[in-house]
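Undergrad: This is the structure I have questions about; it appears just below.
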Amino acid sequence: METLILRESEIKKAADIIRSGGLVAIPTETVYGLAANALDGKAVRKIFAAKGRPMDNPLIVHIADVDDINNLVSEFPEKARKLAECFWPGALTIILPKSKIIPDEVSAGLDTVAVRFPSNEVAQKIIKECRIPLAAPSANSSGYPSPTMAEHVIEDLYGKIDAIVDGGTCSVGVESTVINLACEVPRILRPGAVTLKQIRSVIGNVEVDSAVYNKINDGDKVMSPGMKYRHYSPIAKVVLINGSRKGYIDYVNSIVDNKGVFALCFDEDVKLLNVPCVSYGKSSDFMEQANKLFSCLRKLDKLKAKVVYAICPNDEGIGLAVYNRLIRAAGFEVINVE
Ligand code: TXA
Ligand code: MG
């Protein structure tokens, strides 16, 4: 299949492809999404095939007007309304009981649906032009780091999808916060740019699912199927080093057999490390770290890194999202240092 590369002004072309059952990668403020008509099960199935995604991992449905959620869910409770009012359009995905129009392919057989209203203007224009909600997971090969630039989508999906709309670099760089409101106590299933603190300030009591911090073992029951899969992992082996910056530098510099070893570090530490470095931002700038993490993981593969020692980020605010993605990229392999 020939994949068209569209400019961000070619909204109508992108919408025509989606409306006729095709797949188009579109920019959003978080990461690029691989979009199809969310109401067409057959079109949605193509998403799973192109990404190599397990069929039991449900998709997020994207809308471009808060009112459009009404057709997708069987109830829109007060807490959901408040969250939508405060954080939409933006990097928050809300899970609610689904309505009858949601195909099983989208919800992967669950009785809930995840809905998001992105703030990216190109995404909004495409959804509006389509006049249908769009199912869209991150536009990467399943398991690999999510795409934050059109080039990343080309690397993973060129030849497998109908088109890619190039909208430049995503402003946030990590996927949306996912909150489940279809349970007794609202629960964050995936941290993102909308933080736990912000959500608590609007709806009060909120839990954080243990899968945000911990490994899911085979056979464990999970609320978010995506959490049980290998995720965000480059080809290189990643090990997370938890401790002070000095402890990290001493640890990495003490490795004797360091052929193929790379450091995924903060800007300040590049000069102090004895191995090749890829920096994912200043140690104090959590937004910058979120923005750069996925492209740094991809870059490490291009540099043919074999083992990557990554400094553990601070887990406050959006830092929790960065920490969550990195610990998954590392397959939960953490070494504690001073
Ligand atoms: O920022 C984002 O959310 C991006 C952009 C494209 O919007 N999308 C994205 O989709 O990250 P995806 O498919 O890569 O991640 C969606 C996550 C998965 O972990 C999935 O299991 C979970 O949301 N999810 C979707 N629907 C769900 C549901 N009904 N119940 C529980 N978890 C759900
Ligand atoms: Mg994904």
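Undergrad: Report the residue count in the stretch 185-227 for those that are more than 18 Å from residue 324 (Cβ to Cβ), at pLDDT 95 or above and surrounded by fewer than 16 Cβ atoms within 10 Å (Cβ to Cβ).
TA: Residues meeting the conditions: 5.
Undergrad: With the condition kept exactly as written, say whether any residue in the stretch 61-78 is away from ligand 1 (no atom under 13 Å from the Cβ) and buried (at least 21 other Cβ atoms within 10 Å of the Cβ).
TA: Checking the stretch 61-78: at least one residue is away from ligand 1 (no atom under 13 Å from the Cβ) and buried (at least 21 other Cβ atoms within 10 Å of the Cβ).
Undergrad: Examine the stretch 37-45 for a residue that is at pLDDT 95 or above and either within 11 Å of ligand 1 (Cβ to nearest atom) or under 17 Å from the mean Cα position of the chain (by Cα) (or both), and state whether such a residue exists.
TA: No, the stretch 37-45 contains no residue that is at pLDDT 95 or above and either within 11 Å of ligand 1 (Cβ to nearest atom) or under 17 Å from the mean Cα position of the chain (by Cα) (or both).
Undergrad: What residue, of 41, 21, is surrounded by fewer than 19 Cβ atoms within 10 Å (Cβ to Cβ) and on the phi > 0 side of the Ramachandran plot?
TA: Step by step, each of 41, 21 is checked, and only 21 is surrounded by fewer than 19 Cβ atoms within 10 Å (Cβ to Cβ) and on the phi > 0 side of the Ramachandran plot.
Undergrad: Just to be sure before I move on: is residue 172 within 10 Å of ligand 1 (Cβ to nearest atom) and either crowded, with 16+ Cβ neighbours inside 10 Å or at pLDDT below 95 (or both) in the structure I sent?
TA: yes
Undergrad: Of all residues in the stretch 74-103, how many are among the acidic types (Asp, Glu) and part of a helix (DSSP H, G or I)?
TA: Residues flagged as among the acidic types (Asp, Glu) and part of a helix (DSSP H, G or I) within the stretch 74-103 amount to 2.
Undergrad: Quick one: count up the residues across the stretch 128-147 that are away from ligand 2 (no atom under 15 Å from the Cβ) and open to solvent by 10 Å² or more (accessible area, probe 1.4 Å).
TA: Here the count works out to 5.
Undergrad: If you take the residues in the stretch 228-255 that are farther than 19 Å from residue 314 by Cβ and modelled with pLDDT under 95, which one is farthest from ligand 2 (Cβ to nearest atom)?
TA: In this case the residue turns out to be 234.
The values are calculated or read from the model by the stated rules, or taken from the named source; none is laboratory data. Not measured: the values here are computed from a predicted model. Please note: Cβ atoms are built from the backbone with ideal geometry, for glycine as well, and neighbour counts cover all protein chains shown. In case anyone asks, the SASA skips ligands and DNA or RNA and just uses the protein heavy atoms, side chains included. Shrake-Rupley method; radii C 1.70, N 1.55, O 1.52, S 1.80 Å.
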